[in-house]
Amino acid sequence: MKLAPIALRGYHWQQTVLEATPGDGIFYLAMNMTSACNYRCPYCFVGLANLKRSADEITLAQKKRVIQEGAACGARVLSMPGRGEPLMDEHFWELLSEANNLGLYVVVYTNGYALDAQKINRLKDANVSLYVKVDSFDRDVYETMVGRRGVFDQMRRNLDLIVDQFHRPVEEDGRLMSRFGINSVVSVQSASSIPILDAWCEERKVFYTCRSPVKVGEAELTWDYLVKNQVLELRAIGQKYATRNFTSATEQGQCGIYRFGITVENNGEIYVCPDARTGFGRIGNVKETPLRDLIVRRSQLYPLNSSRGFCFVKAHLNPEENVKESVVQERKTADVADKPNKPGISPR
């Protein structure tokens, strides 16, 4: 019996639904929350020096207005990718309620450390999915990759709580829709952990994806440490174990947030995608300009590329990572035959 593929609720929609998004509209609204974070990951997309609250962050009223404008522009999903750790944002719960009240489903990126049983039960009753960053189930590797010691046990306890209290996958339209996902960055430090994470997720019907580092933020400084001239090998691991080639990948292999969405930084600046923070021309700010006008301006300045596998940031900053689809497919075809038996799964 063929098993239904696992998808993450809120991120993975039928292509025909996404393609109905008008040119001056969006399907995904990505809104970065606080810049504060309790971790210090060596590949942090914003850079460790920037992980602190900033005086120019938009106010709660402005954040609500952005969500309201996003809904008016057709958005059906609010993504909280987090410039820092979204659960550390003092307005997190109020913004979650605002989005749900407007009919938007919410996807929260989190390191999971700040969760507890009470918060997980509260999230269970909301229209929200959790996307937890985990690079390894090895204590030393995990704590090395988050830059903090003594945090591993709480992370593991919280994963168990999510599985026990929150995670209830449901089969819909031939897919197993999960509200719980795990994503990993494949570095030379975490590479051997990826098959174990993949197996843990597969057994529990948790959505899983992984990718090699992107050369932005802190990774510009730590690139040699993270990849050690093994870019192709790390990319191959990501392609082998990732359920989809992007966290928000469409059925046609596009980055959904890039192709059908827009990103609002926590200071109101507009980005093409959550990773495109530096090195690109300015689009505008929601403090000064209506969101719909900024969506149109974004498309004029940076015409959208609908190609399968296209990553806007990698195409500009580390193009050696932006492999053509034919190459990706050849790699995946070979990997199907070569993929090893699943390794032993942690008893947790």
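Only one of Asn183, Asn158 is surrounded by fewer than 23 Cβ atoms within 10 Å (Cβ to Cβ), under 17 Å from Tyr109 (Cα atoms) and touching a helix residue (DSSP H, G or I) at 6+ places or on another chain (Cβ under 8 Å). Can you tell me which? The unique qualifying residue is Asn158. Could you tell me which residue of the range 277-290 is farthest from Glu57 (Cα to Cα), considering only residues that are in contact (Cβ under 8 Å) with a residue 24 or more places away in the chain and crowded, with 20+ Cβ neighbours inside 10 Å? Within the range 277-290, the match that is farthest from Glu57 (Cα to Cα) is Arg277. Quick test for you: out of Glu57, Glu69, pick the one residue that is modelled with pLDDT of 95 or more, closer than 19 Å to Leu291 by Cα and of a type in the set (Asp, Glu). Only one candidate qualifies: Glu69. Quick one: Val296 ticks every box in (1) assigned to a strand (DSSP E or B); (2) surrounded by fewer than 22 Cβ atoms within 10 Å (Cβ to Cβ) bar one, so which box is it? Only one criterion in (1) assigned to a strand (DSSP E or B); (2) surrounded by fewer than 22 Cβ atoms within 10 Å (Cβ to Cβ) is unmet by Val296, namely (1). Counting the residues of the range 131-187 that are more than 21 Å from the chain's Cα centre (by Cα), part of a strand (DSSP E or B) and closer than 23 Å to Lys119 by Cα gives 1.
Residue-by-condition table, conditions (1) closer than 30 Å to Arg157 by Cα; (2) among the basic types (Lys, Arg); (3) modelled with pLDDT under 50:
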| site | (1), (2), (3) |
| --- | --- |
| Gly261 | no, no, no |
| Tyr302 | no, no, no |
| Val336 | no, no, yes |
| Arg348 | yes, yes, yes |
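Tallying residues that are crowded, with 20+ Cβ neighbours inside 10 Å and not in a loop (DSSP other than H, G, I, E, B) within the range 188-199 yields 5. Of the residues examined, Pro5 is not one that is at pLDDT 95 or above and under 27 Å from Cys201 (Cα atoms). Of the residues making up the range 248-268, one or more are under 18 Å from Leu317 (Cβ atoms), among the charged types (D, E, K, R) and in contact with a Lys or Arg (Cβ under 8 Å, 6 or more places away or on another chain).
At least 1 residues being farther than 30 Å from Thr289 by Cα, open to solvent by 10 Å² or more (accessible area, probe 1.4 Å) and touching a residue at least 12 places away in the same chain (Cβ under 8 Å) is the threshold, and among the helices (runs of 4 or more DSSP H) wholly inside the range 200-275 those reaching it are 219-227, 231-241.
The values are calculated or read from the model by the stated rules, or taken from the named source; none is laboratory data. This is a predicted model, so every value here is computed, not measured. Virtual Cβ from ideal backbone geometry, glycine too; neighbours counted across all protein chains shown. Ligands, DNA and RNA are excluded from the accessible area calculation, which covers all protein heavy atoms including side chains. Shrake-Rupley method; radii C 1.70, N 1.55, O 1.52, S 1.80 Å.
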